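The values are calculated or read from the model by the stated rules, or taken from the named source; none is laboratory data. Quick caveat, the model's predicted, so the values are computed rather than measured. Quick reminder, even Gly has a Cβ in these numbers, built from the backbone with ideal geometry, and neighbours come from all protein chains shown.
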Amino acid sequence: MRTPAFNGSFYPSSKAELSTILDSCLINVGDFVDKIGIYIVPHAGYVYSGITAGVAYANMKAGNFYKQADTIIILGPNHTGIGTEVSISKIDWVMPNGVFKVDKVFADEIISNSKIIKANEAAHDGEHSIEVQLPFIDKIGGIKKKFIFICMANQDINSCIDVAKSIIKSEESLLRKSLIIASSDFNHYENIKETTLKDKALFKSIYNIDYEIFNLNVKKLNSSACGYGPITVAEYVAKNRGAKRGVLLNYSNSANVTKDYEHVVSYASWRFE
């Protein structure tokens with residue numbers, strides 16, 4: 001089983017301190033009908049992006065789709081460069097509060113329907129983008145569900161479409177109801193003005209669910225949004241599920257904490273409806 005690699009850095013190692021921080025990040029949201037079940041959530045240290053992530057998880061918990069979902073799929077970028085083009089985990093993940101069990105039948109089906117997804121654990125060992133989502137999921141009771149963990153090194157449009165189609169086809173063949181989380185931060189280490197301009201340009205294509213334009217614009221704008229592949233996959237699947245638009249839930253940046261407005265990292269959470 002995979003053991004935690006980032007407790008004590010991205011999130012507290014103390015269970016009591018972790019619970020307190022998660023409580024402070026989760027807000028009360030009235031129940032609503034969620035027909036799509038797809039979210040974009042940041043993955044920085046909780047001191048920086050915890051509130052923005054918490055808004056997404058509060059919405060997730062309040063929506064009926066989360067309550068009905070069999071499996072939670074988390075897609076994250078590969079920051080380490082280790083592993084295959086797109087790596088899926090087939091082992092359970094141990095976290096401080098319990099074990100997140102991988103839906104191995106679903107994982108095998110996704111692999112069989114893809115040209116590029118491979119079973120590979122090395123990509124996940126030192127990668128934080130998926131792990132940091134798990135304490136939030138545990139806090140809203142999601143640890144009881146099954147999981148799919150996908151780490152994307154290749155985030156170009158063709159790879160994203162392959163991943164999205166393999167998920168859709170596998171859901172249909174296995175009759176899975178899957179909630180999807182795309183783990184991503186947005187622009188990195190530029191001043192607040194440049195960061196805001198680049199983010200807003202990308203936000204337009206998320207709002208419109210223009211997955212191909214979004215993917216291409218990341219490079220065109222020279223944006224350093226790290227999880228643009230997972231977001232592209234999320235948009236493709238959202239459109240397939242009948243989503244009409246993206247809804248920006250929260251937008252923040254590291255300067256809110258550091259007061260450094262010249263080297264900003266930005267964070268946004270979204271859901272689709």
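Do you know which of the residues in the stretch 113-137 that are among the charged types (D, E, K, R) and part of a loop (DSSP other than H, G, I, E, B) is nearest to the chain's Cα centre (by Cα)? If we take residues in the stretch 113-137 being among the charged types (D, E, K, R) and part of a loop (DSSP other than H, G, I, E, B), then Glu127 is nearest to the chain's Cα centre (by Cα).
Looking at the stretch 5-26, is at least one residue polar (S, T, N, Q), modelled with pLDDT of 95 or more and within 19 Å of the chain's Cα centre (by Cα)? No, every residue in the stretch 5-26 fails to be polar (S, T, N, Q), modelled with pLDDT of 95 or more and within 19 Å of the chain's Cα centre (by Cα).
Considering the stretch 2-47, and only residues there that are within 23 Å of Val247 (Cα to Cα), among the aliphatic types (A, V, I, L, M) and in contact (Cβ under 8 Å) with a residue 40 or more places away in the chain, the residue that is surrounded by the most Cβ atoms within 10 Å (Cβ to Cβ) turns out to be Val41. The lone criterion from (1) farther than 18 Å from His124 by Cα; (2) touching a strand residue (DSSP E or B) at 6+ places or on another chain (Cβ under 7 Å) left unmet by Val29 is number (2). Taking the numbered list (1) surrounded by fewer than 17 Cβ atoms within 10 Å (Cβ to Cβ); (2) in contact with a Ser or Thr (Cβ under 6 Å, 6 or more places away or on another chain); (3) under 30 Å from Pro12 (Cα atoms) in turn, Ser183 passes all entries but (1). For first residues located in the stretch 189-214 and farther than 15 Å from Ile157 by Cα, partners that are among the acidic types (Asp, Glu) and surrounded by fewer than 19 Cβ atoms within 10 Å (Cβ to Cβ) and lie 6+ apart or on another chain with Cβ distances below 6 Å form the pairs Asn191/Glu262. Candidates in the stretch 141-157 are the residues that are in contact with a strand residue (DSSP E or B) (Cβ under 7 Å, 6 or more places away or on another chain) and assigned to a helix (DSSP H, G or I); of these, the one that is surrounded by the fewest Cβ atoms within 10 Å (Cβ to Cβ) is Ile143. Could you tell me whether any residue of the stretch 103-112 is more than 14 Å from the chain's Cα centre (by Cα), part of a loop (DSSP other than H, G, I, E, B) and crowded, with 21+ Cβ neighbours inside 10 Å? Looking through the stretch 103-112, at least one residue is more than 14 Å from the chain's Cα centre (by Cα), part of a loop (DSSP other than H, G, I, E, B) and crowded, with 21+ Cβ neighbours inside 10 Å. Looking only at the stretch 79-96, residues that are buried (at least 16 other Cβ atoms within 10 Å of the Cβ), more than 18 Å from the chain's Cα centre (by Cα) and of a type in the set (A, V, I, L, M, F, W, C) come to 1 in all. Of the residues making up the stretch 214-273, those that are over 20 Å from Lys177 (Cα atoms) and charged (D, E, K, R) are Lys219, Lys220, Arg245, Lys259, Asp260, Glu262.
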